[in-house]
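The values are calculated or read from the model by the stated rules, or taken from the named source; none is laboratory data. Small disclaimer: the values here were computed from a predicted structure and weren't measured. FYI the Cβ positions are ideal-geometry reconstructions off the backbone, even for glycines, and counts take in every protein chain you see. Each accessible area value is taken on the protein alone, full model and side chains, heavy atoms only, with ligands, DNA and RNA left out. Shrake-Rupley method; radii C 1.70, N 1.55, O 1.52, S 1.80 Å.
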Amino acid sequence: MRLAAEVAAIDAAPPRPAGPEAGPGVDAPFAYRLPAEARVTEGLGSVNESGVQSRGLTLATPRGTPLSAPASGTVRFSGPFRDYDGILVLDHGDGWMTLMVNLSSPLPAGTRVRLGDPVGRALGPVQLELSQNGRRVSPALIAGSSASLSKAGKGR
């Protein structure tokens, strides 16, 4: 009974953000959605079996899955990088950048893309990182916990 009284005395939680696209202290000035309809297997900040912390989302995309631009922007880099077979860096302006890892893209640097434009194909599970001025932001929060997050988890 004492614990129940203590819990009842705690201030109410603050209200949630106004819309599904809002996140804690994050309000992207553009539309954003995930690049493929696929189950999310890792989220921002999750720690894998090796102890490595995720810097974005990992989507369970099979090899060959078509990928679309998660937001409008300009391709800053496309191609192999270090140990990765393929990455794509999109600049959305005002310090917002998306990094997509594990894809094959024919787009050269300087190409302008719009939300939903084809950007390439998955080489397997795709990693998606979103940042504003170097600060990591969850693509799921910006995408508004979209249907692609909720539908993909059902029945799989």
So, over other residues within a Cβ distance under 14 Å of residue 123, counting Lys, Arg +1 and Asp, Glu -1, the net charge is 0
Please work out how much length the chain gains when fully extended from residue 91 to residue 117, using 0.36 nm per residue of separation minus the C-alpha to C-alpha distance, in nm with one decimal. 7.9 nm
Per residue, how much accessible surface does region 29-133 expose to a 1.4 Å probe? Answer in Å², no decimals. 51
Solvent-accessible area, 1.4 Å probe, carbon plus sulfur percent, for region 86-127: 54
Taking every other residue with Cβ under 12 Å from the Cβ of residue 89 and scoring Lys and Arg +1, Asp and Glu -1, one gets -1
Can you tell me the length gained on complete extension of the stretch residue 82 to residue 37, counting 0.36 nm per residue apart and subtracting the Cα distance? 13.4 nm
Give me the net charge for the shell around residue 106: Cβ to Cβ below 13 angstrom, other residues only, Lys and Arg +1, Asp and Glu -1. 0
